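The values are calculated or read from the model by the stated rules, or taken from the named source; none is laboratory data. All figures in this text were calculated on a predicted structure; none of them were measured in a lab. A quick note on method: Cβ atoms are made from the backbone with ideal geometry, for glycine too, and the neighbour counts reach across all protein chains shown. All accessible areas refer to the heavy atoms of the entire protein, side chains included, with ligands and DNA or RNA removed. Shrake-Rupley method; radii C 1.70, N 1.55, O 1.52, S 1.80 Å.
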Amino acid sequence: MHMIPVVASDVHKAHHSIEFSRGTLGPSQEDPRRADIIATALRMAGHALREPEDLDLDLLARVHTPEYVEFLSTAWALWEERFGADVPAMGFTWPGRGSDVSRPDDLVGRLGYHSFAADCSIGPATWHAACEAAAIAQTAADLVNGGERAAFGLCRPPGHHATTDQFGGYCYLNNAAVAAQRLLDHGAARVSVLDVDYHHGNGTQAIFDDRRDVLTVSIHADPTVEFPWFSGYAHERGVGDGDGANVNLPLPLGSGIGDYRSALDTALDLIGSAGCEAIVVALGVDTFVDDPLGAFTLGSDDYTEIASRISTLDLPTAIVQEGGYAVEAIGDNVATFLAPFS
Ligand code: OKP
Ligand code: ZN
């Protein structure tokens, strides 16, 4: 049996953000152990792990703005110089609705301008870790471009909430978007990003919203009662050239495999009939019943079914890691998801 290749790295370990949650700032649930546990489970399952190639900065520039890349790459050094190395950098002021926003010159203003949530911070290792995660996604896409039927990028930090120029939701660079753009750059005329994380992939949607060449489809918890609150609704269908090329399939809290299967079949019908030549799966296993951040009720076995159905598309498939916070189960859940692609 051919186990699908896994791209992973230890660079993520030094990045551990803080988050504002229920009135307190504390260590993020997006913990380094997550990726270590997944890597161990995948090795045990028989996957070969390899390190990523260097990140292609031209590729990154097709997904994020130059201002944002410049900001992220310099924010920690500027923060440390001004406030010291003891506390990480975080935004705390965001533009109001409907305001015509200009980009502040000041670092503190920029932290608000370039973020949308108070759930993650920038520390000394954040930029390097985010670049490594994007490089992992790029390398997974390259393996698929090179003829692998599927490849997995063990990205950490995750990416699907990061927009062209904002971090938030534990995400800094949009790894799934990087992978999708890499598949396009290799010659695919159209690709799909299927986001099965518990949370709406608002960043991926925003990055490709006005484009037809990427069909973005996300199955997630109803944003009227869940992060990211301000997007993920079924009426968001893409804009301009991208009209019809974004599909949101929100599900109620408490959803299990029955509801999930229906949404997934809708997603797969759309992707299958849209002429996509390759697919990126943004894989969050925070849909798991015991996930501390999620309220769906999927069991470990359900990941076999979900992955089997996705694999019936029979498209070259780059899978990238997003969320999943039930650390005792995260390794098995990811290994279970990857098995049908082997
Ligand atoms: C990232 B990914 C709760 C704060 C929740 C947002 C969740 C980000 C999820 N203490 N912060 O989609 O798994
Ligand atoms: Zn999530």
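With a 1.4 Å probe and every protein chain left in place, work out the accessible area per residue of the chain in Å², rounded to a whole number.
Value for the chain: 39 Å² per residue.
Could you run the Karplus curve 6.51 cos²θ - 1.76 cosθ + 1.60 with θ = phi - 60° over the range 308-315 and give me ³J(HN,Hα) per residue in whole Hz, x for Gly and Pro?
4, 5, 4, 5, 5, 4, 6, 10
Tell me, what ³J(HN,Hα) does each residue in the range 333-342 have, in order and in whole Hz, if you take phi through Karplus 6.51 cos²θ - 1.76 cosθ + 1.60 with θ = phi - 60° and put x for Gly and Pro?
For the range 333-342, the Karplus-derived couplings read 5, 5, 4, 5, 5, 6, 3, x, 8, 7 Hz, x marking Gly and Pro.
For the range 41-159, just say rounded, prolate or oblate: build the C-alpha gyration tensor, square-root its eigenvalues into a ≥ b ≥ c, call rounded for a/c under 1.5, and beyond that prolate if a/b exceeds b/c, oblate if not.
Judged from the Cα gyration tensor, the range 41-159 comes out prolate (a/c at least 1.5, a/b above b/c).
So what are the ³J(HN,Hα) numbers for the range 114-127, from phi and the Karplus equation (6.51, -1.76, 1.60; θ = phi - 60°), rounded to whole Hz, Gly and Pro as x?
Each residue's phi maps through the Karplus curve to give 9, 9, 10, 8, 9, 10, 7, 10, 10, x, x, 9, 5, 4 Hz.
Mean separation of Cα pairs under 8 Å and 6+ residues apart, divided by the residue count of the chain: what relative contact order is that in percent? Walk me through the numbers before you get to the answer.
Working: 783 pairs, mean separation 65.7, N = 342.
Reported as a whole number, the value is 19 percent.
Please give the calculated 222 nm ellipticity per residue for the chain, where each DSSP H segment of at least 4 residues contributes -39500 (n - 2.57) and the sum is spread over every residue; nearest 500 deg cm²/dmol?
Value at 222 nm, helices only, nearest 500: -11000 deg cm²/dmol.
Charges only on Cβ, +1 for Lys and Arg, -1 for Asp and Glu: so what's the dipole of the range 223-342 about the Cα centre, in debye to the nearest 20?
Charge dipole of the range 223-342: 140 debye, to the nearest 20.
Under the definition of Cα pairs under 8 Å and six or more residues apart, what whole-number percent is the relative contact order of the range 70-121?
Numbers: 42 pairs, mean separation 19.9, N = 52.
Relative contact order here is 38 percent.
Near the amide H of LEU251, under 5 Å away, which other amide H atoms are found, from residues 5 or more places off or on another chain, if H is placed in the peptide plane?
Under 5 Å from the amide H of LEU251 lie the amide H atoms of HIS220, ALA221, ASP222, each far enough along the sequence or on another chain.
List the relative contact order of the range 65-164 as a percent without decimals, with contacts defined as Cα pairs under 8 Å and 6+ residues apart.
Details: 85 pairs, mean separation 25.0, N = 100.
Over the range 65-164, the number comes to 25 percent.
Name the residues whose placed amide hydrogens come within less than 5 Å of the amide hydrogen of PHE167, ignoring near sequence neighbours (fewer than 5 apart) on the same chain.
Hits under the 5 Å cutoff: SER115, PHE116.
Given a Förster distance of 22 angstrom, what is the FRET efficiency for ASP54 paired with ALA77, based on the Cβ-Cβ distance and rounded to 0.05?
Working: r = 21 Å, r/R0 = 0.96.
Here the calculated transfer efficiency is 0.55.
Ranked highest first by the average count of other Cβ atoms within 10 Å around their residues, in what order do 144-153, 46-55 fall? Show your work: numbers first, answer last.
Working: 144-153: 21.0, 46-55: 14.9.
Packing proxy ranking, top to bottom: 144-153, 46-55.
Between beta-carbons, use under 15 Å as the cut-off and find the net charge around THR74, counting Lys and Arg +1, Asp and Glu -1.
-4
Once you order the gyration tensor axes a ≥ b ≥ c over the Cα atoms, which shape class does the chain get: rounded for a/c under 1.5, otherwise prolate or oblate by comparing a/b with b/c?
Taking the square roots of the gyration eigenvalues as a ≥ b ≥ c, the chain is rounded.
Which net charge results for the neighbourhood of CYS131, defined as the other residues with beta-carbon distances under 13 angstrom from its beta-carbon, given Lys and Arg at +1 and Asp and Glu at -1? Present the calculation step by step, with values, prior to reporting the outcome.
On the way: positive: ARG156; negative: GLU53, ASP54, ASP56, GLU132.
Taking every other residue near CYS131 into account, the sum is -3.
Shape verdict for the range 1-90, please, from the Cα gyration tensor: rounded (a/c under 1.5), prolate (a/b greater than b/c) or oblate.
oblate
To the nearest 20 Debye, how big is the dipole of the chain about its Cα centre, given +1 on the beta carbon of each Lys and Arg and -1 on that of each Asp and Glu?
120
Amide H to amide H, which residues 5 or more places from ALA150 or on other chains are under 5 Å from it, using H placed in the peptide plane?
Amide H to amide H, under 5 Å and 5 or more residues apart or across chains, ALA150 pairs with THR317.
Using per-residue counts of other Cβ atoms within 10 Å, averaged over each peptide, order 284-290, 14-20 from highest down.
Ranking the peptides 284-290, 14-20 by packing returns 284-290, 14-20.
Roughly how many percent of the accessible protein surface of the chain is carbon and sulfur, given a 1.4 Å probe and a whole-percent answer?
Exposed carbon and sulfur together represent 52 percent of the surface.
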